[in-house]
């Protein structure tokens, strides 16, 4: 989470946070990070009156980005071991496990045991979800994406959300809305090179019909809220890599 004297940025993993952080740190002298992936519920009271910025991403694409960020980097770490049944399953099985997080109580209990009771949000590349936070998903039927959204934003009705797919334009709209846009800021946001780009095929190529349908079931509230759909890849995208804006995250 980054706080400024104009707004607060809550960082949802895999949604262009490196890009946004670059912009904020360059143009807002008051900016400072007060916790990495710090939930909005822990925002200090002195900033509670400020607008809150968040970013969302197509859930089907999120899972592809998330999985291929932690693989193979996090092989051997608790989350990856849990997701992949100790490396016995790959993308399809791992994402199915993540989607059934709020359904399979036995697997949920196994993951809870691997998590800390408390988190030091000053540190990076650590499990940044507590046992208590994860217990709240029990019986909800939602997937990992929706769980993380709820955990980070809580009641998100008053949050200004950018969509990753239109991030630059949405950021400019926010800055104009709060009266901080300048020609220099607009130009920088609209022209800045993407950060931490990873190349992979179009997300649809990683899904079986059944797995794609499971995403639509488990993450339905956010899919409907933001109007996301599962799009098929074009012949060009199937034949070659598709750059996607990426960012470093913690293990969870």
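The values are calculated or read from the model by the stated rules, or taken from the named source; none is laboratory data. Bear in mind the structure is a predicted one, so any value in this text is a computation, not a measurement. Positions of Cβ are generated from backbone atoms using ideal geometry, with glycine treated the same way; all protein chains shown enter the neighbour counts.
For the range 84-105, state whether one or more residues are within 26 Å of residue 217 (Cα to Cα), surrounded by fewer than 16 Cβ atoms within 10 Å (Cβ to Cβ) and touching a residue at least 24 places away in the same chain (Cβ under 8 Å).
yes
Could you say which residue among 168, 148, 163 is surrounded by 14 or more Cβ atoms within 10 Å (Cβ to Cβ), in contact with a strand residue (DSSP E or B) (Cβ under 7 Å, 6 or more places away or on another chain) and under 26 Å from residue 34 (Cβ atoms)? Even if it seems obvious, please write down each step before you answer.
On the way: 168 fails: in contact with a strand residue (DSSP E or B) (Cβ under 7 Å, 6 or more places away or on another chain); 148 fails: in contact with a strand residue (DSSP E or B) (Cβ under 7 Å, 6 or more places away or on another chain).
Of the residues listed, the single one that is surrounded by 14 or more Cβ atoms within 10 Å (Cβ to Cβ), in contact with a strand residue (DSSP E or B) (Cβ under 7 Å, 6 or more places away or on another chain) and under 26 Å from residue 34 (Cβ atoms) is 163.
Hey, any hits in the range 145-163 for a residue that's in contact (Cβ under 8 Å) with a residue 40 or more places away in the chain, in a helix (DSSP H, G or I) and more than 23 Å from residue 118 (Cα to Cα)?
At the first step, the residues of the range 145-163 found to be in contact (Cβ under 8 Å) with a residue 40 or more places away in the chain are 145-149, 151-154, 156, 158-163.
Pick out the ones that are also in a helix (DSSP H, G or I) and you get 145-149, 151-153.
Cutting the leftovers down to more than 23 Å from residue 118 (Cα to Cα) gives us none.
Scanning the range 145-163, I find no residue that is in contact (Cβ under 8 Å) with a residue 40 or more places away in the chain, in a helix (DSSP H, G or I) and more than 23 Å from residue 118 (Cα to Cα), so the answer is no.
Would you be able to say whether some residue in the range 67-80 is closer than 27 Å to residue 192 by Cα, at pLDDT below 95, touching a strand residue (DSSP E or B) at 6+ places or on another chain (Cβ under 8 Å) and surrounded by 14 or more Cβ atoms within 10 Å (Cβ to Cβ)? Steps first, answer last, please.
So the first thing to find is which residues in the range 67-80 are closer than 27 Å to residue 192 by Cα, and the list is 67-70.
Now restrict to residues that are at pLDDT below 95: 67-70.
Next cut, touching a strand residue (DSSP E or B) at 6+ places or on another chain (Cβ under 8 Å) only: 68-69.
Retained after the next criterion (residues that are surrounded by 14 or more Cβ atoms within 10 Å (Cβ to Cβ)): 68-69.
Checked against the condition, which is being closer than 27 Å to residue 192 by Cα, at pLDDT below 95, touching a strand residue (DSSP E or B) at 6+ places or on another chain (Cβ under 8 Å) and surrounded by 14 or more Cβ atoms within 10 Å (Cβ to Cβ), the range 67-80 yields at least one hit.
Within the range 171-187, can you find the residues that are in a helix (DSSP H, G or I) and surrounded by 15 or more Cβ atoms within 10 Å (Cβ to Cβ)? Before the answer, list the steps.
The first filter runs over the range 171-187 and keeps only residues in a helix (DSSP H, G or I), leaving 171-177, 183-187.
Across the range 171-187, the qualifying residues are 171, 172, 174, 175, 185, 186.
Scan the range 50-58 and tell me whether some residue there is surrounded by fewer than 19 Cβ atoms within 10 Å (Cβ to Cβ), touching a residue at least 12 places away in the same chain (Cβ under 8 Å) and touching a strand residue (DSSP E or B) at 6+ places or on another chain (Cβ under 9 Å).
Scanning the range 50-58, I find at least one residue that is surrounded by fewer than 19 Cβ atoms within 10 Å (Cβ to Cβ), touching a residue at least 12 places away in the same chain (Cβ under 8 Å) and touching a strand residue (DSSP E or B) at 6+ places or on another chain (Cβ under 9 Å), so the answer is yes.
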